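See below for the structure under consideration.
Values in this text are rule-based calculations from the coordinates and carry no lab data. Remember, it's a predicted structure, so these values are computed and weren't measured experimentally. Reconstructed Cβ throughout: ideal geometry from the backbone, glycine too, with neighbour counts over all protein chains shown.
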Amino acid sequence: MLEINNLKSRVGDSDILRGLSLSVNAGEVHAIMGPNGSGKSTLAQVIAGHEDYVVTGGDVQYQGKDLLDLKPEERAREGIFLGFQYPVEIPGVNNAYLLKAAVNAKRKHQGLGEVDAFEFLKLAREKMAALGMDPKFLNRGVNEGFSGGEKKRNEILQMAMLEPSLAILDETDSGLDIDALKAVAQGVNTLRGPDRAIILITHYQRLLDYIEPDFVHVLSEGRIIRSGDKTLALELEEKGYEWVREAASA
Amino acid sequence: MTSENIESIVNRRYEHGFVTDIETESLPPGLDEGVVRAISARKNEPEFMLEWRLQAYRQWLEMAEPEWAHLHYPPVKFNEISYYAAPKSDADRPKSLDEVDPKLLETYDKLGIPLHERARLAGVAVDAVFDSVSVATTFKDKLSEAGVIFCSFSEAVREHPELVKKYLGSVVPRRDNFYAALNSAVFSDGSFVYIPKGVRCPMELSTYFRINAANTGQFERTLIIADEGSHVSYLEGCTAPMRDENQLHAAVVELVALEGAEIKYSTVQNWYPGDENGVGGIYNFVTKRGDCRGANSKISWTQVETGSAITWKYPSCLLRGENSVGEFYSVAVANNMQQADTGTKMIHIGANTSSTIVSKGISAGKAQNAYRGLVKVMPQAHGARNHTQCDSLLIGKECGAHTFPYMEIKNPSARIEHEATTSKISADQLFYCRQRGISEEDAVNMIVNGFCKEVFKELPMEFAVEAQALLNVSLEGAVG
Amino acid sequence: MKQVALSIDDLREAVLRMPDDALMATREAALANLDEHGLPSVRDEDWKYTDLGPAIDISNRWLANGATITTTSNDLLADAIAAIAGAIDANWLIIANGVIDTSRFDESSGIEVQRFSESAAPFVMDRPLADLNAALLNDGLRVQIHAATEKPLGILIIDETNAGAAVSQANVEIEIAPGCDAEVIEYQSSTGTGDHFGNSVITLQIGQAAIASYVRIQNRRIGHVQSGRLCATPGRDARLNMASYDLGGGLVRNDVDIDLGEPGADVVFNGLYLAGDGQHIDNHTRVDHRVGPASSSQEYRGILNGRCRCVWNGKAIVHAGADGTDANQANHNLLLSEHAEIDAKPELEIYADDVKCSHGTTVGQLDETALFYLRTRGLDKRQATQLLTHAFAADLVGRAPVAAAIDEITSLVESRLADLIQEEA
């Protein structure tokens, strides 16, 4: 589904990704871990197409297409979803309105008709109930005045509604209490399926207790320095990142 | 409203021979007492009206054009303007939509205006300056049942001189300002509304203003009187065809709310703004003022200003009656070379009066957009309250957004709060929307509409939809 | 209503009588400017709420009477100076009735002082009142601060007169060297029974990465007229932290102009004005953001009681290209009397898009619930009012950036508030 080959990227004057390669197949869940500043969020932003992140080398294939050729909205319509680490507030823009516009933009791209308001609301309410969200949130401004946990749940709601092929969750677990963490994990697990792939970006093992990854990668200084199965995450938790770095440079 | 209805109304007008009369009486450019007399005579006005106009004209001669606004434009040549808006003859008018400027039609299409409406707006079938006044006549039966008077100003001068005498100029005196004096001397026509005691007007009243001929100033005059305990909602829409030269529009609107009465006045102003290079467009110098004369009265202004090359407009409230309420909700958009200097005045005179101001300014292109507002609390206005929220949104590097609020407080029990912010659409907001599959243009529209939400929710439903669409059209090409 | 005009002929005579020194050319140029433009009137937008009539009247009377230096009691003046120098431990430069006095200045402090008359460089004239200042200036001070000093620099502008009408000018240019950390106190005071108009211009040039802490105290005799201008130009990455306290004076007009022409500057300035019967205190501030990133933040608070009027006009102009500007203005007023008026006008003019600008203004009175609460605890209404008003003012007193001045400011504010709230509010 996603083939990243020797990807290099820079923000402003600094090189962040320095030759990153990663292969993700349908049905797989990948966890990407690593210390602050290792390039985890940059990877997410580059895949989503943020213009501040300049690609200086390498290529990315997504479902056989050259991903780097596509605008951010085209990538989204092709099924890439980014759950933001810091979801932005958009005052005055109704949450339901954004969500419906997003769902319909994707449906239109797929040659499907627009979903009607009644159907949309019904579906949204179901998904919200499953995530333990108050339906009132639909009528509030996008993330406007939401708490940290509410913002993250809102991201998961959007993901559930948009049913992406590739979901990248950038530190969705940070700042969540245990109930919110469970709700988020449940949302992600519901999405898991043979046609979908999920990339979890996280600092901690904690999230992986609830979402079991097929692969764990350690990112350091813009490269993947070690890959393994879920036991790697446990080992990291115990020994810390220094251990992998030393092992890698040895 | 069916298209048959409109046609029948149109035909009725022609039956009255309105057009033929005017053709012979259209006035050459220039202004002197003779022109004022000619306008009055043409309208068969009673003596009092002519006298009133002449006094206004003499006062105007002694006044100077205001220069304090944050606006820059070449001086208006008042002697090159024709002061009587003679509608175009049938021969000059486009015969069908095929002859209408395609850019204008494109705009109508985007606004979702129905086909027959487009024809009307583009001036194909109807020549009237005040189309809706006549359209409203279809409802005349229903309105007169309720005792509501809704007619053209000319008709009111003839049919209801006692009301006109009593209220005309009582809110905006002839010599209030340069443009108000000019309007008082030469006003062409306008709307007149009277809502009797205790009556809730059974429908929203609306007027569509339109400037037709070239080199013609438009000076309409609107007077709305809501008698004790009555209620009315009035909608005003404005369009003008595209022309290379600037045209002057200097209207006066007077509202009077007596005890317990409520007037809601909504405007969607879309006069021609000129092209991307600032050629053409309307100079919109308008005086709008409401007088909350009675206790517990309320006047609410809502405006969406997207048009005009230059806008100079401060819909205001005189809060005389105890417990009276004034409101001002405004969205002002300036794109390309447009300049807007708009805002409000809330003058607290009575005890326990309160006012709310919500102003949303959007600047794009090379436009300059200024909010100018005055909140004045007189010494006797005990317990006055005001809350002002004034936000500016900047789109692009070459535009300007300015805020000039004045607060003059002379009573120690006043509570006055003013907040203002200026921001731009953040790259993060745009990226977030695009990551959800929404195009950049749609995302900008969505964010801008969100920014204006507090104002749009004050508009009647169908106007709100038009206003949103208009905003999107106005900002087209502003991003990217 | 036509404002009385300044008697230009008398002014010309006064200028021609002044010593033929290095300042003469500037005086004559300023006189020509004044002759052409005159002094501003309430028809000028910047003077909408303040009528300079009393200042012009005093000037005309003084000019007609020979325009001489008017000290009537050297003892009174000396006592007043000693009291202030005793209250604030600073290195004082004194301008008394327009005459420079360096007797209390410690030359070994490292601060370098020159007189305008000793150096040919012309000084700034760009406004009518600055022209008047230049035309009638005996002499000015040019001060250079090269390094942090033990005591803050004090500029005491003090006037004393029992004559019918007197006018005095003060002009000080302060230059703070790059990287230097400097403290400055400007103290304006006056005494005597005559009518007085004091007109001062102070410029503050802050070098690259320097930090200027500036306190301004205005405690003139109620009824005396003052116009005070402060022009600050912070250099790259420089900081200016300023606080201004207006306690006395009759007609007072302060202009603070800050010109941000270098990136990285950070300016914070605050002001407190306390006004009672017969006072008119007008604070005009203007910040020009010419480049970014840079930030400016101001908060002015006023307490008005009795028959008085205060004006606050804060203007921030963000020029084209000044991206990364962060400008904030706040103004809060407590109106305690039926006869008090506040005119507030926060203005933003923005010609760049990557900016964050905001302003907030409130006018109100003390919280009734809090007043009631205090009275249930046994305080009378006056005590309760004073307590709450003090709290409103105390926040700004606490922000005075020069430690040596805090005690004096605290005591001046407390005694002024006690005067203002004497009876049942």
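Overview of values
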quantity	calculated
Cα shape, segment C:69-159, gyration tensor, a/c 1.5 rule	oblate
Segment C:69-154: trypsin sites (Lys or Arg not before Pro) in DSSP coil with no more than 12 other Cβ atoms inside 10 Å	none
Neighbour count of at most 14 Cβ within 10 Å plus DSSP loop: longest GluC sites (Glu not before Pro)-free window in chain C	C:151-337
Global geometry of segment C:354-405, whether rounded, prolate or oblate, following the gyration tensor of its Cα atoms and the 1.5 cut on a/c	oblate
Convex hull volume of segment A:126-250 per residue (C-alpha atoms, cubic angstrom)	120
Cα-based shape type of chain C, given that a ≥ b ≥ c are square roots of the gyration tensor eigenvalues and the cut on a/c is 1.5	rounded
Relative contact order (%) - criterion: Cα under 8 Å, at least six apart; region: chain C	10
Summed residue charge, Cβ within 14 Å of C:Pro178's Cβ, Lys/Arg positive, Asp/Glu negative	-2
Mean shadow area of segment B:223-375, taken as a quarter of the surface of its Cα convex hull (nm²)	7.7
Computed log₁₀ I(q)/I(0) - Debye formula, equal Cα scatterers, no solvent, segment B:337-477, q 0.11, 0.13, 0.18, 0.20 Å⁻¹	-0.50, -0.66, -1.04, -1.17
Among B:368-380, B:305-317, A:138-150, the order from most to least packed when residues are scored by Cβ within 10 Å on average	B:305-317, B:368-380, A:138-150
Candidate aspartates and glutamates - alpha carbon under 12 Å from B:Lys376, same-chain residues fewer than 8 apart omitted	B:Glu408, C:Glu341, C:Asp343
Loop-located chymotrypsin sites (Phe, Trp or Tyr not before Pro) in segment A:49-115 whose Cβ has at most 11 other Cβ within 10 Å (DSSP)	none
Low-density loop positions, trypsin sites (Lys or Arg not before Pro), segment B:398-480 - DSSP coil, at most 15 other Cβ in 10 Å	B:Lys457
Over 20 Å [Cα-Cα, segment C:297-383], rounded percent	52
Total formal charge among the other residues, if their Cβ is under 14 angstrom from that of A:Lys127, Lys/Arg +1 and Asp/Glu -1	-1
Rotationally averaged projected area of chain A (alpha carbon convex hull; nm²)	13.4
Distance cut-off 23 Å, percentage of C-alpha pairs in segment A:1-136 lying past it	46
Size of charge dipole - segment B:272-352 - debye, nearest 20, with Cβ of Lys, Arg +1 and Asp, Glu -1, no other charges	420
Reachable aspartates and glutamates, given that their alpha-carbon falls under 13 Å from the alpha-carbon of B:Lys453 and they are not under 8 places away in the same chain	B:Asp391
Length-normalised contact order of chain A in % [C-alpha pairs under 8 Å, at least 6 apart]	27
Given charges at Cβ of Lys, Arg, Asp, Glu: the protein assembly as shown dipole, positive-most of C:Ala30, C:Gln218, A:Gly92	A:Gly92
Inverse of mean 1/r across different Cα pairs in the protein assembly as shown, Kirkwood, Å	34.0
Distant alpha-carbon pairs in segment A:72-147 (separation over 22 angstrom), percent	27
Simple Cβ-charge dipole of segment C:70-365, Lys/Arg +1 and Asp/Glu -1, about Cα centre, in debye nearest 20	480
Rounded Å value of the spacing that divides the Cα centres of segment B:25-51 and segment B:257-326	27
Under 29 Å from the Cα of A:Lys182 - lysines, other chains or at least 8 residues apart	A:Lys40, A:Lys100, A:Lys106, A:Lys122, A:Lys127, A:Lys136, A:Lys151, A:Lys152, A:Lys230, A:Lys239
Euclidean distance between Cα centres, segment B:449-464 to segment A:47-119, Å	28
Positive-end extreme of charge dipole, chain C - chosen from C:Ser411, C:Ala340, C:Leu240 (charges on Cβ)	C:Ala340
When each of B:Lys313/B:Lys457; A:Lys8/C:Lys356; A:Lys8/A:Lys65 is checked by Cα-Cα distance, pairs over 26 Å	A:Lys8/C:Lys356
Assigned charges on the beta-carbon of Lys, Arg, Asp, Glu; the protein assembly as shown dipole about Cα centre (debye)	2300
Quotient of C-alpha Rg and 2.2 N^0.38 Å, computed over segment C:1-58	1.30
